[in-house]
Amino acid sequence: MNNQDLPDELVELIEAVKKLGYFQRKNLLPLLNSLVHYTRIQAQIIRMAQAAVDQLLLDIKYFQFDIEATRRERDALSSLLGDCFEDGEEDDYDYDEE
């Protein structure tokens, strides 16, 4: 067993079980192995969830940048169109014709 990635309390429990007699250890070892297995699975799930949250935060930053760029482009285009219409070019457009 690699005890580096386990909580300190669980490592202490493993050491305590190792010091027990054969029959006590024989009964407790399967339960302890299951506990170690589920602890490692839980740690893996937490790492995966953290990676997903980190990716989500990065995606949000990209979307914020994109929406800000789109707004700047919209405002620039609106300003450009407003300038065109102020110069009298509005009369050239007939919106009633379809």
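Close contacts from the stretch 1-28, counting a first residue that is touching a residue at least 40 places away in the same chain (Cβ under 8 Å) and a second that is surrounded by fewer than 10 Cβ atoms within 10 Å (Cβ to Cβ) and basic (Lys, Arg), with Cβ to Cβ under 7 Å and a gap of 6+ residues or different chains, come to none at all. The residues of the stretch 34-57 that are free of Cβ contacts under 8 Å to residues at least 12 places away in the same chain and not aliphatic (A, V, I, L, M), listed by number, are SER34, HIS37, TYR38, GLN42, GLN44, ARG47, GLN50, ASP54, GLN55. Among the residues of the stretch 1-48, those identified as among the charged types (D, E, K, R), touching a helix residue (DSSP H, G or I) at 6+ places or on another chain (Cβ under 8 Å) and assigned to a helix (DSSP H, G or I) are LYS18, ARG25.
Read-outs: derived from the displayed coordinates by stated rules, not from any lab. Not measured: the values here are computed from a predicted model. Positions of Cβ are generated from backbone atoms using ideal geometry, with glycine treated the same way; all protein chains shown enter the neighbour counts.
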